[in-house]
């Protein structure tokens, strides 16, 4: 957990440094955009715009802002209106998400009404993604494999007072 904007650079750098990331797509609110971009540039990571599926899939890291978190499952929830924004958390091998502490719900039951509100007006298209860790699958011999249909690593930075 980070207490304020001043703590973000060190926390983000400690996660990203050593992950061998060369390119990243960043989808965070404006107050975080400059901070995140400065950290990535200092680490020599190229920031891609993510204007296409190819560009997003070329990136090593996707950095996003979660809309909600669910405490009892460790799940983050992202609600987007564009497919490209949704893919930033799904295609790169590393997903880093920021989450405001006041957006953490105790359980999934509290999410239903929030999703209902997010889907208005009904004619607007929304993508709702629940992320509970790295992509994982098992074969018939029960060998677990990470990252087959999504990121190999998921990191959540909880923001206390941002």
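Where a number appears in this text, it was derived from the coordinates with a stated rule and is not lab data. These figures come from a predicted structure and were not determined experimentally. For neighbour counting, all protein chains shown are included, and Cβ atoms are generated from backbone atoms with ideal geometry for every residue, glycine included.
Placing a label point 7 Å from the Cα of residue 160 along the Cα-to-Cβ direction, the residues of the range 86-111 whose backbone N falls under 12 Å of that point are 101. Ellipticity at 222 nm from helices only: DSSP H runs of n ≥ 4 in the chain, each -39500 (n - 2.57), divided by the residue count, give -7000 deg cm²/dmol.
Extension gain, residue 83-residue 30: 0.36 nm per intervening residue step, less the Cα-Cα distance, totals 17.1 nm.
Using the Cβ-Cβ distance between residue 54 and residue 128 with R0 set to 22 Å, the FRET efficiency from 1/(1 + (r/R0)^6) comes to roughly 0.35.
Packing around the peptides 74-81, 101-108, taken as the average count of other Cβ atoms within 10 Å per residue, puts them in this order, highest first: 74-81, 101-108. For the chain, the alpha carbon positions stretch 46, 42, 31 Å along the principal axes, listed from largest to smallest.
Most tightly packed first, judged by the mean number of other beta-carbon atoms within 10 Å of their residues, the peptides 117-123, 151-157, 38-44 read 151-157, 38-44, 117-123.
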